[in-house]
Structure formats: structure tokens, C-alpha cells
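Every read-out reported here was derived from the displayed coordinates using simple, explicitly stated rules and does not represent laboratory data. Note that this is a predicted model, so its numbers are computed, not measured. Cβ placement follows ideal geometry from the backbone for every residue including glycine, while neighbour counts extend to all protein chains displayed.
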Amino acid sequence: IKWEKKRVTGTPPSSRGLHACVILPDNKKIVLFGGAAQNGLMSNEVFVLDTTTWEWTKPTLCSDSSEDEDAVPSPRASPCFIALDDNTCFLYGGASVKQEGGLHGNNDVWLLELKNGDSSSSQIKAKWTQLHKDGDANSPPGRNAATLTQLFSCPSSLLEEDDDEEGALYFLLSGGWYPFRTTYNDDFVLKVTPPSSSS
């Protein structure tokens, strides 16, 4: 094997750990979310690395309610972060700092949509949409440091056979822990159904 340190340009993320990265299906861009600095300060920033030019970009956040702090995920570490297609990522969980101190295991669910700017700009726009709020009983218990892995066929042993909709994506959430309280050994299947073409 051979390691090679790459020189990058643009606006790279600051030094951090416990962040999440995913490569988009186009195999050209990597999306980074969140993480924590050495001093413990957590982030909810998004960065995109173009692996053809090795340029980092920090997307411009666009939201219907730009002044609403609930329009974006809270700063957090070690969430589950996956790509659904070339422009869309899915975020679940992660650990955030509670107002009274200590860490909280989130179980909220978010969708991140990335769009390129106009043809004269390399700027990327990002929009977050919350699908499940933190504490939602429809999501697995809050946790961080879990794994969320794509299953490439409908898991018939876990879901009803007639539940295999065309175009649906399946992922397996496994393990993780609620910080300093509970370590999980459970498994959940996540089904993501694309919007209807008629909508």
C-alpha cells in the first residue's frame, strides 16, 4: 500500500475529529459534516471536497427560515451520515453538548440537499430539512458512534416481501452508544423511499 498526502485548496475544514464523511455516488465529491475540535467545541458545518480538483468548498446555507436555529442540525460528533444520491445526504443521531453540561445522544433525522451555484461560480448551496425531531419515538433511541450501512437488496428476513418498493434504499443501523450511559447492540433497518415522480 502507499499513502500520499494531497495538497488541497479552497476553504478546508478546521482541525477536528469525530466528524463524518461520505462520498457521493458520482465518485467525485466527498461531503464532511460536524465533528469536534481538540478543546471539545463541536461543529455543524458542512464542507465538500472535489476529488478531481482537490478543492474544498464550504456551502452557503439556504433555508426558508435562516434565523431559526432549528433549521439546521445542532453541532455534534460521531453521527451517522450517508449519501442517498449525487445531491442528497441523510444524517441520523450523533452526540451534542447539553446546556446543563454533559453529552446528549440525539435521534433526530435530517436531509441535506446540495445544489451547485450558477455556471460562473463554484459555490455550492446547502439546504437542511428535518424529518424527525430529537426525541421522536419513530426513530431508534438516541446515540452516537453507530454505523449505518447500505444494504443492496431488500432484507426479506427483516421486512415484509411486499414492502420492497421500486427504487427504495435500505440501510442497517447497528450499535452505538448514548454517551457514558448506555452501549447498544441493537439493529434497525432504515427504508428510504424516493419521492414519487408524479409529485
Ranked packing of 7-18, 89-100, most packed first, by mean Cβ within 10 Å: 89-100, 7-18
Entries in LYS125/LYS191; LYS98/LYS127; LYS6/LYS98 that, when Cα-Cα distance is taken, lie over 32 Å: LYS6/LYS98
Computed log₁₀ I(q)/I(0) - Debye formula, equal Cα scatterers, no solvent, the chain, q 0.13 Å⁻¹: -0.77
Alpha carbon centroid spacing (whole Å) that separates the stretch 21-38 from the stretch 95-109: 22 Å
Principal axis box of the stretch 1-91, alpha-carbon based, largest edge first, Å: 45, 33, 24
Choice from ASN116, ASN87, ASN144 with maximal GNM fluctuation in the chain (Cα, 10 Å cutoff): ASN116
Distance between modelled label sites at LYS98 and LEU61, nm, 7 Å Cα→Cβ extension: 2.4 nm
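If I stretch the segment between GLN38 and THR9 completely, what's the gain in nm (0.36 nm per residue apart, minus their alpha carbon distance), one decimal?
In short, 8.1 nm is gained.
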Projected label distance in nm at ALA71 and ARG181, using a 7 Å step from Cα toward the beta-carbon: 3.0 nm
Cross-link reach list, lysines versus LYS5, counting only Cα pairs under 23 Å and skipping chain neighbours closer than eight places: LYS28, LYS29, LYS58
Per-residue HN-Hα couplings for the stretch 35-41 [Karplus 6.51, -1.76, 1.60; θ = phi - 60°; Hz; x = Gly/Pro]: x, 9, 7, 4, 7, x, 5
